[in-house]
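Scroll down for the structure; my scribbles are underneath it.
No lab work stands behind these numbers, since they all come straight from the coordinates. Treat the numbers as computed from the prediction; the structure is a model and nothing was measured. Neighbour counts run over all protein chains shown; Cβ positions are idealised from the backbone, glycine included.
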Amino acid sequence: MTAEVMAELAGLEDPKARAVNEKHGDDHGVNLSKLRALAKQLKTQQELSCRLWETGDTAARLLALLICRPKAFEHDELDAMLREARPPKVHDWLVNYVVKKSPHCEELRLAWFADTDPVVASAGWALTTERVAKKPEGLDLVELLDVIEAEMKDAPDRLQWAMNHCLAQIGIEHPEHRTRAIDIGERLEVLKDYPTSPGCTSPFAPIWITEMVRRQHDK
């Protein structure tokens, strides 16, 4: 079955899609809509998911994450998977589609947050951002802002992006910290000049916070 699925993925390979994906660090050439359609056909298959993951192929791993049972993975399995997940899309889907639904999510968040590998740490920050928005009880938001203020400016790209998202989320969701969050963003100027498509919100935290708060008020 694994060989058949790998053959199907090879048939979906598109050089144009690969060129676009590789600009973002993702080494595969499969259109994500077609990948999702294939996942829909296969439905949930945990064993096949594990076999596909073991191939190390990026498209196969993305498919694996769409057909797995998130709660079936042990803590150590998820930790090992994250450390192997270097392409940004694999990393992103693993965190968002699998780890967030796992009973080990909070334990992994704490472990990854403090990791010396910036890509692993970025997963800890992504999970922290989720808690800032949905379950902030028990989080020390002042301390998070202190860390962001001290470390975001010089953090490697993916860690910086995750910290910046956390900064924006604190400013959007917690009015008592909004002024400080905007101030940190303005002083550090992280992603200030990031190219933003028309109709999209800039990831520069002061603009992002202000725009999202405006939308909340307009509702």
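Work out from phi, with θ = phi - 60° and the Karplus expression 6.51 cos²θ - 1.76 cosθ + 1.60, the ³J(HN,Hα) of each residue of the stretch 137-145, listed in order in whole Hz, and give x for Gly and Pro.
4, x, 8, 9, 5, 5, 5, 4, 5
Give the value in nm², to one decimal: projected area of the alpha carbon convex hull of the chain, averaged over all directions.
On the way: hull surface 52.7 nm².
Averaged projected hull area, Cα only: 13.2 nm².
Would you mind computing, in nm to one decimal, how far apart the modelled labels at GLN41 and ASP193 are, each placed 7 Å from Cα along Cα→Cβ?
Between GLN41 and ASP193, the simple spin-label model gives 4.7 nm.
Among 165-171, 56-62, how do they line up by average Cβ neighbours within 10 Å per residue, starting with the highest?
Values: 165-171: 26.1, 56-62: 21.1.
Order by mean packing, descending: 165-171, 56-62.
Can you pull the three principal axis extents for the Cα set of the stretch 104-199, in Å, largest first?
Per principal axis, max minus min of the Cα coordinates gives 38, 30, 28 Å.
In square nanometres, what is the average projected area of the Cα convex hull of the stretch 19-125? Could you put the intermediate results ahead of the total?
Numbers: hull surface 25.4 nm².
Mean shadow area of the hull around the Cα atoms is 6.4 nm².
Have a look at LEU94, LEU144, LEU159 and tell me which one the Gaussian network model of the chain (Cα, springs below 10 Å) gives the largest fluctuation.
Evaluated over the chain, the most mobile residue of the options is LEU144.
Contour minus end-to-end for MET1 and LYS153, with contour as 0.36 nm per residue of separation and end-to-end as the Cα-Cα distance?
Working: separation 152, 0.36 × 152 = 54.72 nm, distance 4.71 nm.
Contour length minus Cα-Cα distance gives 50.0 nm.
Taking 0.36 nm per intervening residue step and subtracting the Cα-Cα distance, what contour gain separates ASP183 from VAL142 on full extension? All intermediate terms of the calculation are to be shown ahead of the outcome.
Working: separation 41, 0.36 × 41 = 14.76 nm, distance 1.36 nm.
Full-extension gain reported as 13.4 nm.
Mind listing the long-range amide H neighbours of VAL30? Cut-off is under 5 Å, sequence gap 5 or more, other chains count too, H placed in the peptide plane at 1.01 Å from N.
Placed amide hydrogens put ASP14 under 5 Å from VAL30.
Which ³J(HN,Hα) values in Hz, rounded to whole numbers, follow from the phi angles of the stretch 189-198 under the Karplus curve 6.51 cos²θ - 1.76 cosθ + 1.60, where θ = phi - 60° and Gly and Pro get x?
Along the stretch 189-198, the couplings run 6, 5, 6, 4, 9, 5, x, 10, 5, x Hz.
List nothing, just return the count: lysine pairs in the chain, 8 or more apart or interchain, with Cα separation under 13 Å. If you can, show how the numbers build up before the last one.
Values: LYS23/LYS89; LYS71/LYS100; LYS71/LYS101; LYS100/LYS134; LYS100/LYS135; LYS153/LYS192.
Counting lysine pairs in the chain gives 6.
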